[in-house]
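Data first, discussion second: the structure below is written as structure tokens.
The values are calculated or read from the model by the stated rules, or taken from the named source; none is laboratory data. Keep in mind that what you see is a predicted model, and the values were worked out from it rather than measured. Quick reminder, even Gly has a Cβ in these numbers, built from the backbone with ideal geometry, and neighbours come from all protein chains shown.
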Amino acid sequence: MIFVIEHIHEEGLDFEILEPKERFNIDSLDCVLAEDVKVQGTLERTGQEVLFKGSLETGLSVTCTRCLSAFSFVVKSQLKVIFIPINENNKLAHEIELSELDVEQEFYEEGRIDLSSPARDLILLSLPQVILCRQDCEGLCPECGTNLNVNKCDCKNEGSYDPRLAVLQKLKDKLK
Ligand SMILES: [Zn+2]
Ligand SMILES: [Zn+2]
């Protein structure tokens, strides 16, 4: 997703592209980019700076943290990036200026900007830390491994086992 800055005219550049999923290299055990990535928006140039404002849409195939089943996760996010030429002098000033705004900051060189890396970051950040196939996923039985969303088993566990809740409970006990 590389754009040559000279091609961005005063009135801005509107575009819509579908970037092949292979280019993003998102392919881990519990998260695979399953669909091509649609990016649409506008590039605007002010002097040496280029602002992208737009949206991103794609789909991931992810694994539920609790029951380990795979399911699709839709990503639909807004993306705002400001591209600034690499230059030690303006680096600091911009970092302070931009830290309060809801804008990603990228540096560029050689008159080209690349949206791939902010797009990739956005896709990965859109995933919650705990990925659940549904809010009330019951997970796997810790004793026999049965998927409790599908079947009940005869083991004597009270509800589903959630290691994070166990940690919280310990903390609570300590605070008493
Ligand atoms: Zn689940
Ligand atoms: Zn069981």
Inset, instruction - Mind listing whichever residues of segment 71-80 are under 14 Å from LEU33 (Cβ atoms) and surrounded by fewer than 13 Cβ atoms within 10 Å (Cβ to Cβ)? - result: SER72, VAL74
Inset, instruction - State whether the residues of segment 58-73 include one that is in contact (Cβ under 8 Å) with a residue 24 or more places away in the chain, assigned by TED's automatic domain parsing to the domain that holds ASP121 and closer than 18 Å to ASP14 by Cβ. - result: no
Legend entry - segment 1-58 - residue that is aromatic (Phe, Trp, Tyr) and over 16 Å from the mean Cα position of the chain (by Cα) and, of those, farthest from LYS76 (Cα to Cα): PHE3
Legend entry - Matching residues, segment 1-39, being outside any loop (DSSP other than H, G, I, E, B), surrounded by fewer than 17 Cβ atoms within 10 Å (Cβ to Cβ) and touching a Ser or Thr at 6+ places or on another chain (Cβ under 6 Å): ASP14, VAL32
Inset, instruction - Note down all Cβ pairs under 6 Å where the first residue falls in segment 1-14 and is in contact (Cβ under 8 Å) with a residue 40 or more places away in the chain, the second is aliphatic (A, V, I, L, M) and surrounded by 14 or more Cβ atoms within 10 Å (Cβ to Cβ), and they're at least six residues apart or on different chains. - result: MET1/LEU115; PHE3/ILE113; ILE8/LEU43
Inset, instruction - Would you check which residues across segment 116-156 are more than 16 Å from ligand 2 (Cβ to nearest atom), among the basic types (Lys, Arg) and loosely packed, with under 13 Cβ neighbours inside 10 Å and list them? - result: ARG134
Legend entry - helices (runs of 4 or more DSSP H) fully within segment 80-176 counting 1 or more residues that are modelled with pLDDT of 85 or more: 116-125
